1. Residues that are charged (D, E, K, R) and touching a residue at least 60 places away in the same chain (Cβ under 8 Å): find the strands (runs of 3 or more DSSP E) completely inside the stretch 178-277 holding 1 or more of those.
2. Taking the condition out of contact with any Phe, Trp or Tyr (no Cβ under 9 Å at 6 or more places or on another chain) and buried (at least 18 other Cβ atoms within 10 Å of the Cβ), does residue 250 pass?
3. Pairs, please: C-beta under 6 Å, at least 6 apart or cross-chain, first residue within 18 Å of residue 77 (Cβ to Cβ) and in the stretch 16-35, second assigned to a loop (DSSP other than H, G, I, E, B)?
4. Identify the residue in the stretch 12-70 that is among the basic types (Lys, Arg), part of a loop (DSSP other than H, G, I, E, B) and closer than 25 Å to residue 191 by Cβ and, among all such residues, is least open to solvent (accessible area, probe 1.4 Å).
5. Given the criterion open to solvent by less than 10 Å² (accessible area, probe 1.4 Å) and either under 20 Å from residue 126 (Cα atoms) or out of contact with any Gly (no Cβ under 7 Å at 6 or more places or on another chain) (or both), identify the matching residue among 183, 164, 149.
Amino acid sequence: MKLTKMHGLGNDFILFADPKGTEKDYTDLAIRLCDRRTGIGADGLAILVPSETCDVRMRIINSDGSEAEMCGNAIRCFAKYAYEHGEITKETFTIETLAGVMKPTLTIENGIVTQVTVDMGKPFFKSQDIPMNVDMDKVIDVDLDVNGETITVSSVLLGVPHTEVFIDDITKAPVTTQGPILEKHDAFPSNTNVNYIEVINDKHIKVRTWERGAGATLACGTGSCASAVMSFEKGLTGREVDVELYLGTLHISYLEDGTVLMTGPAEEVFETELPIE
């Protein structure tokens, strides 16, 4: 089995194409391959399978074996992989995901994809869409009890559920302590990703993410988009925002019509072959 290891600003994935992978259960394979001591090591699998409605379909399997609706960093890696491995020959194409149709546009230099801009669609703010166990048209500044401490959160659905916590100092973000508690808080029946945000100015924010089903991650594409959107909705930034992560920056455009565009890199780490039944 031919596998490609890739990362989007440190958020890493194992990619491969499977013409018969539309309905396969990849749970055990994901747990095995993503283990950082006994496997290749990754935050998840990104699998290219056939689509009846789009050019290709992307399946995302988290490192714990659960399947995610979407992943912003993975889709940039996926788009680069699809083009550079000959699965796609167009610079703009459509990808079917469980969160809907995504439309990447590639920046190509000498046959190599250097940047990927993805139309991420529009965010959903209603509590029932996220979902969250409150009744609000926009879930902004809700107080939750977290082990006896009151935490003010805002939430949005952008491909997957995201919950934002604004803090003064990103270096003190309780990603690994508070993040997993919020992920499975009773307020979120489908669980949630958790993003900690420090606003630097109206064009620059810093983000750290606890990812649902994967844990602490170096970068989260949908989380960066959700953080930029919520920063604007709270009046803290404009519609064009650079999101600074551990290993680099994503540029997020939140257009007047509600569409979110994400631009950033993806890198191939290595290719390998493993004997997998």
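1. Here the list reads 204-211, 267-273.
2. Yes, satisfied.
3. Note: pairs meeting the criteria are 30/65; 33/39; 33/40; 34/42; 34/63.
4. Only one residue tops the list, namely 24.
5. 164
The values are calculated or read from the model by the stated rules, or taken from the named source; none is laboratory data. Just so you know, these numbers come straight off a predicted model, no measurement behind them. Quick reminder, even Gly has a Cβ in these numbers, built from the backbone with ideal geometry, and neighbours come from all protein chains shown. In case anyone asks, the SASA skips ligands and DNA or RNA and just uses the protein heavy atoms, side chains included. Shrake-Rupley method; radii C 1.70, N 1.55, O 1.52, S 1.80 Å.
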